[in-house]
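Enquirer: The structure's right below; bear with me while I get my questions together.
Every number in this text was worked out from the coordinates using simple rules, so none of it is lab data. Because the structure is a prediction, the values reported are computed rather than measured. Backbone-built Cβ (ideal geometry, glycine too); neighbour counts: all protein chains shown.
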Amino acid sequence: MSATHKYDPHRKWEARTPPKPGEGGRTSAMIASLAAEGYETVSAPFGHALVEEAKKNDRVVGLTADLSKYTDLHIFAQAFPERFYQMGMAEQVMISAAAGMAREGFIPFATTYAVFASRRAYDFIAMAIAEEYLPVKIVCALPGLTTGYGPSHQATEDLAIFRGLPNLTIVDPCDAIDVMEAVPAITAHEGPVYMRLPRGKVPSVIREHCPDYKFELGKAKLLRDGKDVLVIASGFMTMRALDAAVELEAQGISAAVLHCPTIKPLDTETILAEAGKGGRLVVTAENHTKVGGLGEAVASTLLTNGVTPTFRMIGLPDQFLDAGALPTLHDRYGISTAAMITQIRGWL
Amino acid sequence: MQPNDLDRIARQIRLRDLQAVFEAGAGHIGGEMSAIDILTALYFRVLRIWPDQPKHPDRDRFVLSKGHVALALYVTLAKRGFIPEEEVATFLKPHSRLNGHPNCNKVPGVETNTGPLGHGLPVAVGMAKAAKLTGATYRTYVLTGDGEMQEGSNWEAIASGAQFGLDNLTLIIDHNRFQQGASLKDTNNLAPFPAKLEAFGWDVTEINGNAMDEIVPALEKRGSRPHCIVAHTNKGHGISFMQDKVDWHHKVPNAEQYKIAVAELSEAL
């Protein structure tokens, strides 16, 4: 059992000393866009991509639970005000109304934060959308550890919750290109989709490393090859894996990176082919608790198919996480580039 | 179809429902009996429907949110010609499509999957909103239980219905005063409902939900706001020993009780 946040009836409450004037600086707790990573950024890629899709497809509508600006849906709302529905802070009716509209032929994009969709609206997603296989696209900001505001807003277990749900396709895009190419792909997909959303100024990463890269729903893509270690990653951890691979190369370690933006259905064929090549340490990397996410999905794929490389997982611990500045938290919980390099070197 | 004819049909549906519960050894007979007059009025008088075209785009939509009374809906759908009448005998049998809660992918005429309470009205808000967007003229009706109104999602939907001006939406609360474990009053008493719905911006009509001459005009009422019908009903209505007894939420009659119930329901057929 985790030691943090454990109930202690004899706990002493200690006030923290505030920083002295000139020390401490501004908090970066709400910097959720991961923009400051040395890459070019695209502003609100989801909102702009959805506008382009809606121009071509008049069945596309947008709903949000009072979070249009924070899910980049405000771009769509400005372009198509008559096809945008503000549901207020009411995730259950947002999800259900989206189901009702989907039944009547629309393709609703419903947006909120990942914690609210996964924890608050789950029953409605399961019964009103997934069981009926309706084309509702649930697009959620703040996946995993992308806010420093503490457990109430950190969706560290959303993939674990949704992976068990039949019929649901799950997408964890890495960067702006992934998001912009995923929008038409998930619109065209006939069933329900849950997509984790990088929002705001979103870095454009993968094509810097791999110019020919294209997002394909259901496909994992090898972004670089390497002989010592294979990193299988999704979400922004693919960016971290690419950055780590460059650094490891300078240190004489050759790392391959397999980007796996579709968590379900998992591209088991590509994963087995790459992990089965032998002679390489296989590491999964995810912005999610190590319970029930990409790592366990890959592990079960490998084991049940008799592929047994040395296998390690990078991801968040099974804990409610601290609040604070994101770079500090990413270091603390092992998902920064530096922490990734340290872990991989330790395993080799 | 006149109220007398509707009463006769409702009695026949009650009788078939009772038989099916007895044969299957399961069902939710109390809530089925309270709701059957409303279902009969909807399917034999009010709803614009085409049984041979269950997905006709112009059909009125009916969502049975109190999905545990699925059997009453199956019997009604069978009598109205959506499914064969003899199929009712498969209720709850292995591989039957007539499950304990209705599934729209299996049964023609079932509009949405329900079972977890508090789902029907929020989905219906989306269906009614879709009609506004496309200019479709269908009306959306939802039947909930009164205990079901304890689910917070209903109140999210009630607020949304008013906010979106859904004058094409009718909510019927089957106010039989009992839920699974006890009376509404002794559980979490949301009654009286009318003032609450009115405060949210809905039109409200209170009726005797077991009287056809009150049910039909209420269902046919049209206004400029979403409409809630608070239907005062009796759990187990039509079968004397079941009426207003909480036990009959989920109980199955024994052979002797079955005989008495059949006799009572057959009296006026």
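Enquirer: What percent do you get for the relative contact order of chain A when only Cα pairs under 8 Å and 6+ apart count?
Expert: So the answer I get is 17 percent.
Enquirer: Show the residues, 5+ positions off or on another chain, whose built amide H is closer than 5 Å to the amide H of A:M195.
Expert: Amide H neighbours of A:M195, under 5 Å, 5+ apart: A:I138, A:V139, A:C140, A:V171.
Enquirer: Right, next: For A:105-113, what's the mean count of beta carbons from other chains sitting within 10 Å of each residue's beta carbon?
Expert: 1
Enquirer: Here is a follow-up. Charges only on Cβ, +1 for Lys and Arg, -1 for Asp and Glu: so what's the dipole of chain B about the Cα centre, in debye to the nearest 20?
Expert: Charge dipole, chain B, about its Cα centre: 560 debye, nearest 20.
Enquirer: With point charges of +1 on the Cβ of Lys and Arg and -1 on the Cβ of Asp and Glu, referenced to the Cα centre of the protein assembly as shown, which listed residue (A:T328, B:Y141, A:V60) lies farthest in the positive direction of the dipole?
Expert: Among A:T328, B:Y141, A:V60, the one farthest towards the positive end of the dipole of the protein assembly as shown is A:T328.
Enquirer: Just want the answer: with Cβ charges of +1 for Lys and Arg and -1 for Asp and Glu, which residue in A:A233, A:C260, A:G279 is farthest toward the dipole's positive end in the stretch A:211-348?
Expert: A:G279
Enquirer: With n ≥ 4 as the cut-off for DSSP H runs, can you work out [θ] at 222 nm for chain A, using -39500 (n - 2.57) per run divided by the number of residues, rounded to the nearest 500?
Expert: Result for chain A, helices only: -9000 deg cm²/dmol.
Enquirer: Work through the residues other than B:E198 whose Cβ is under 13 Å from its Cβ and net out their charges, Lys, Arg +1 and Asp, Glu -1.
Expert: My count for the surroundings of B:E198 gives 0.
Enquirer: If you scale each eigenvalue of the Cα gyration tensor by 5 and take the root, what three semi-axes come out for the stretch A:171-298, rounded to whole angstrom and sorted largest first?
Expert: Values for the stretch A:171-298, descending: 23, 17, 13 Å.
Enquirer: How long is the gain from A:E52 to A:D318 if the chain were fully straight, where each residue apart is worth 0.36 nm and the alpha carbon distance is subtracted?
Expert: Using 0.36 nm per residue and subtracting the Cα-Cα distance, I get 91.8 nm.
Enquirer: Which of A:S96, A:S336, B:S96 has the fewest other C-beta atoms within 10 Å, and how do the rest follow up to the most?
Expert: With the fewest neighbours first, A:S96, A:S336, B:S96 line up as B:S96, A:S336, A:S96.
Enquirer: Determine the distance separating the Cα centre of the stretch B:142-199 from the Cα centre of the stretch B:79-130; give it in Å without decimals.
Expert: Value for the Cα centre distance between the two parts: 21 Å.
Enquirer: Something else about it: Suppose only helical runs count, i.e. DSSP H with n ≥ 4. What mean residue ellipticity at 222 nm does that imply for chain B under -39500 (n - 2.57) per run, divided by all residues and rounded to the nearest 500 deg cm²/dmol?
Expert: -11500 deg cm²/dmol
Enquirer: A further question on this structure: Compute the signed sum of charges (Lys and Arg +1, Asp and Glu -1) over the other residues within less than 13 Å, Cβ to Cβ, of A:F124.
Expert: Charge balance in the 13 Å sphere: -4.
Enquirer: Please list, in order, the residues from the stretch B:76-97 whose amide nitrogen is less than 16 Å from a point placed 7 Å along the Cα→Cβ vector of B:D52.
Expert: What the label zone holds, given the 16 Å backbone N cut-off, is B:80-84.
Enquirer: Next up: At a 10 Å Cβ-Cβ cut-off, how would you order B:C228, A:C140, fewest neighbours first?
Expert: The most exposed by this proxy come first: A:C140, B:C228.
Enquirer: While we're looking at this one, here's another question. Other chains' Cβ within 10 Å of B:151-161 residues: what's the mean?
Expert: Mean inter-chain Cβ contacts per residue within 10 Å come to 5.
Enquirer: Quick one: putting +1 on the C-beta of Lys and Arg, -1 on the C-beta of Asp and Glu, what dipole do you get for the protein assembly as shown around its Cα centre, in Debye to the nearest 20?
Expert: Charge dipole, the protein assembly as shown, about its Cα centre: 420 debye, nearest 20.
Enquirer: Loop only by DSSP, 10 or fewer other Cβ within 10 Å of the Cβ. Give me the trypsin sites (Lys or Arg not before Pro) in the stretch A:28-133 that pass, ordered by residue number.
Expert: none
Enquirer: Grab the alpha carbons of the protein assembly as shown, take their convex hull, and tell me the volume per residue in Å³.
Expert: 193
Enquirer: Near the amide H of A:G226, under 5 Å away, which other amide H atoms are found, from residues 5 or more places off or on another chain, if H is placed in the peptide plane?
Expert: A:A256
Enquirer: How many Cβ atoms of partner chains, on average, are near each residue of B:115-121 if near means within 10 Å of its Cβ?
Expert: Across the residues of B:115-121, the mean count of other-chain Cβ atoms within 10 Å is 4.
Enquirer: Once you charge only the Cβ atoms, +1 for Lys and Arg and -1 for Asp and Glu, what is the size of the charge dipole of chain A about its Cα centre, to the nearest 20 debye?
Expert: So the magnitude is around 580 debye.
Enquirer: Could you let me know the centre-to-centre spacing of the stretch A:139-200 and the stretch A:102-123, using Cα atoms, in angstrom?
Expert: The stretch A:139-200 and the stretch A:102-123 have Cα centres separated by 11 Å.
Enquirer: Long-range amide H contacts for B:C228: which residues qualify at under 5 Å (H placed 1.01 Å from N, peptide plane, sequence gap of 5 or more or a different chain)?
Expert: B:L171, B:D203, B:V204, B:T205
Enquirer: Rg to Rh for the stretch B:1-52: what is it, with Cα atoms only and Rh by Kirkwood?
Expert: That ratio is 1.02, to two decimals.
Enquirer: Through the Karplus equation 6.51 cos²θ - 1.76 cosθ + 1.60, θ set to phi - 60°, convert the phi angles of the stretch A:99-105 into ³J(HN,Hα) values in whole Hz; use x for Gly and Pro.
Expert: So the J values, rounded to whole Hz, are 4, x, 5, 5, 4, 8, x.
Enquirer: Related question: Over the alpha-carbon set of the stretch B:144-269, work out the extent along each principal axis and list the three values in angstrom, largest first.
Expert: Ordered largest first, the stretch B:144-269 gives principal extents of 52, 32, 17 Å.
Enquirer: Restricting to Cα pairs below 8 Å that are 6+ residues apart, what does the relative contact order work out to for the stretch B:19-80? Please round to a whole percent.
Expert: 40
Enquirer: Could you please rank A:H209, B:H56, placing first whichever residue has the fewest other Cβ atoms within 10 Å of its Cβ?
Expert: B:H56, A:H209
Enquirer: Across the Cα atoms of the stretch A:192-256, what radius of gyration and what greatest pairwise Cα-Cα distance (Dmax) are found, in Å?
Expert: Reported Rg and Dmax, both Å: 13.0, 44.
Enquirer: Across the stretch B:36-50, in residue order, what do the Karplus-derived ³J(HN,Hα) couplings come to in whole Hz, using 6.51 cos²θ - 1.76 cosθ + 1.60 with θ = phi - 60° and x for Gly and Pro?
Expert: 5, 5, 5, 4, 5, 4, 5, 7, 10, 9, 8, 5, 8, 9, 10
Enquirer: Could you pull out the trypsin sites (Lys or Arg not before Pro) across the stretch B:123-206 that fall in loop regions by DSSP (anything but H, G, I, E, B) with no more than 14 other Cβ atoms inside 10 Å?
Expert: B:K185
Enquirer: Can you give me the distance in nm between label points at B:T137 and A:A299, each placed 7 Å from the Cα along the Cα-to-Cβ direction?
Expert: Distance between label points: 6.1 nm.
Enquirer: May I ask for the net charge around B:L47, where only other residues with Cβ less than 15 Å from the Cβ of B:L47 are counted and Lys, Arg are +1 while Asp, Glu are -1?
Expert: Summing Lys and Arg as +1 and Asp and Glu as -1 gives +4.
Enquirer: Once the convex hull of the C-alpha atoms of chain B is built, how many Å³ does it hold per residue, rounded to a whole number?
Expert: 112
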